[in-house]
Amino acid sequence: MTDQRTPSGWKRFWEKGGWWRSLLLVVGYYALWQLLTVVLLPIITSVDPANKGLAVFVGTGLPVALGCVLLIAFALSTGWLQEVFARQSIGGSWWMWIAVVVTVLFNALHFAGIDYAKAGAGVVLGWVVSSLFVGFAEEFLTRGLVVNLMRKAGYREIVVAVVSAALFAALHAGNLLSGQPLLATGLQLLYTFGFGICMYLAMRVGGSIIWPILIHGTTDSSIFLMVGNPAPGMLASLANLGNPVVIITGLVLLIFIRGRVNARPASAATTPLV
């Protein structure tokens, strides 16, 4: 009889961690998510474009929601769901709050720069809900599962931060396939890398992956809503400075990241910065 306490080959494979397993996971997820999007095309195209709120949710939120299910299923198969949502096994420092303040400040400016009457309640709700799904999926994948894989391999935290942010940025390279210009995609990759570093720091200083999930979700919803429905006045112009400020913030704060997580249960006490 098989010993039920013996980890499966699947679990043993992922428990070894490492950058290439992180890459494999991200590529595998992206491929499956693209397949899901193709399967859902008949449903997406059947929505009346006049119903803008529903079109946003079905076209953006629904495929990502199913992607969330895929990621949770993977975490359950490896036994990592509790690890990902557990309190961070390495502590933060006061300067990491800079990343939180900068991203939240520009989220607030974006929300303040939206013409809500023009957007309509349905569109606002559609983007807010859909963006929370996006925040969950992308943060759970990169700041959750990828960070877990990198830490299991014993990398220093600066490497963990860089790899998780780089893979997060790489996810957005797929926008080239939808016809986005090369220059615009390159700028987006630079922004998402800087933003990814900020979200890693938000997770560290906040002690939980919930922080980057919520910040990411409100970032996407506020940007998409403001770009499509800008209110008159200076607030929208100020909010548009967010991209370069986030890039600079992420790149500058990156050089201060220190520390290493030893291989031990996630419930262990937090490790101070070194």
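The values are calculated or read from the model by the stated rules, or taken from the named source; none is laboratory data. Fair warning: this is a prediction, and the values are worked out from it, not measured in the lab. Glycine also receives a Cβ, built like all others from the backbone with ideal geometry; neighbour counts cover every protein chain displayed.
Odds and ends about this structure:
- Subset of the range 108-136 (residues that are of a type in the set (Val, Ile, Thr), buried (at least 21 other Cβ atoms within 10 Å of the Cβ) and over 25 Å from residue 197 (Cβ atoms)): 114, 123
- Going through (1) in a helix (DSSP H, G or I); (2) over 21 Å from residue 147 (Cα atoms) one by one, residue 22 falls short only on (2).
- If only residues of the range 207-219 that are touching a Gly at 6+ places or on another chain (Cβ under 8 Å) and surrounded by fewer than 21 Cβ atoms within 10 Å (Cβ to Cβ) are counted, the one that is nearest to residue 157 (Cα to Cα) is 207.
- Test for residue 45: is it more than 20 Å from residue 214 (Cα to Cα), in contact with a Lys or Arg (Cβ under 6 Å, 6 or more places away or on another chain) and polar (S, T, N, Q): no
Okay, residues lined up against (1) farther than 25 Å from residue 248 by Cβ; (2) in contact (Cβ under 8 Å) with a residue 24 or more places away in the chain:
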{"residue": "73", "(1), (2)": "yes, no"}
{"residue": "95", "(1), (2)": "no, yes"}
{"residue": "110", "(1), (2)": "no, yes"}
{"residue": "116", "(1), (2)": "yes, yes"}
{"residue": "119", "(1), (2)": "yes, yes"}
{"residue": "127", "(1), (2)": "yes, yes"}
{"residue": "134", "(1), (2)": "no, yes"}
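- Contacts under 6 angstrom Cβ, first residue in the range 3-31 being under 27 Å from residue 161 (Cβ atoms), partner modelled with pLDDT of 95 or more and assigned to a loop (DSSP other than H, G, I, E, B), 6 or more apart: 17/153; 18/153
- When residue 12 is tested against (1) surrounded by 12 or more Cβ atoms within 10 Å (Cβ to Cβ); (2) part of a helix (DSSP H, G or I); (3) more than 23 Å from the chain's Cα centre (by Cα), exactly one condition is not met: (1).
- Those helices (runs of 4 or more DSSP H) of the range 43-111 in which 1 or more residues are of a type in the set (Gly, Ala, Ser) occupy 52-56, 62-78.
- Residues of the range 33-76 satisfying the condition of being in contact with a Phe, Trp or Tyr (Cβ under 6 Å, 6 or more places away or on another chain) and within 30 Å of residue 11 (Cβ to Cβ): 64, 65, 67, 68, 71
- Consider the range 97-107 and keep the residues that are touching a residue at least 24 places away in the same chain (Cβ under 8 Å) and not β-branched (Val, Ile, Thr). The one that is surrounded by the fewest Cβ atoms within 10 Å (Cβ to Cβ) is 97.
- Meets criteria (at pLDDT 95 or above, out of contact with any Phe, Trp or Tyr (no Cβ under 9 Å at 6 or more places or on another chain), under 30 Å from residue 34 (Cβ atoms) and of a type in the set (A, V, I, L, M, F, W, C)) for residue 124: no
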